[in-house]
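The values are calculated or read from the model by the stated rules, or taken from the named source; none is laboratory data. Bear in mind that the values here come from a model prediction, so they are computed numbers and not experimental data. Here the Cβ is made from the backbone with ideal geometry for all residues, glycine too, and neighbour counts use every protein chain on show.
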């Protein structure tokens, strides 16, 4: 088993522990961030890096409700294809962090709304 695959499985298990922090959206809309731009112009490395991170965050955030990190794997976004293993892992982890932060922000918004509604 490749190190990247083993690391991904471990990270997915960790992500499953935080999955309860994200909201379950019933509208599964495809993300524009998961497709790589098709142009012959030079791409800024910082923009390419952020596109990959955003694509991973989107992929992770839009997992199906029955996603099992022990058995299922995320599909690598096109924006991240061909990366060396160390860069792939860094961007996956940044995407996971971004996805978790978005889920926590949504949860905090719901808590704040409930708190306001509970005020007399």
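Details
- Scanning the stretch 94-120 for residues that are more than 30 Å from residue 51 (Cα to Cα) and part of a helix (DSSP H, G or I), we see that the one that is modelled with the lowest pLDDT is 118.
- Filter result for residue 15 (part of a helix (DSSP H, G or I), surrounded by 10 or more Cβ atoms within 10 Å (Cβ to Cβ) and at pLDDT below 55): yes
- The residue pairs whose first member lies in the stretch 55-79 and is touching a residue at least 24 places away in the same chain (Cβ under 8 Å) and on the phi < 0 side of the Ramachandran plot, whose second member is surrounded by 13 or more Cβ atoms within 10 Å (Cβ to Cβ) and in a loop (DSSP other than H, G, I, E, B), and whose beta carbons are closer than 6 Å, counting only pairs six or more residues apart or on different chains, are 55/77; 58/31; 59/74; 59/77; 78/35; 78/36; 79/36.
- Residue count for the stretch 53-76 satisfying the condition of being surrounded by 18 or more Cβ atoms within 10 Å (Cβ to Cβ), at pLDDT 90 or above and more than 10 Å from the chain's Cα centre (by Cα): 1.
- Consider the stretch 77-93 and keep the residues that are surrounded by fewer than 18 Cβ atoms within 10 Å (Cβ to Cβ) and part of a helix (DSSP H, G or I). The one that is nearest to the chain's Cα centre (by Cα) is 93.
- Odd one out for residue 46 among (1) surrounded by fewer than 13 Cβ atoms within 10 Å (Cβ to Cβ); (2) in a helix (DSSP H, G or I); (3) at pLDDT below 55: (3)
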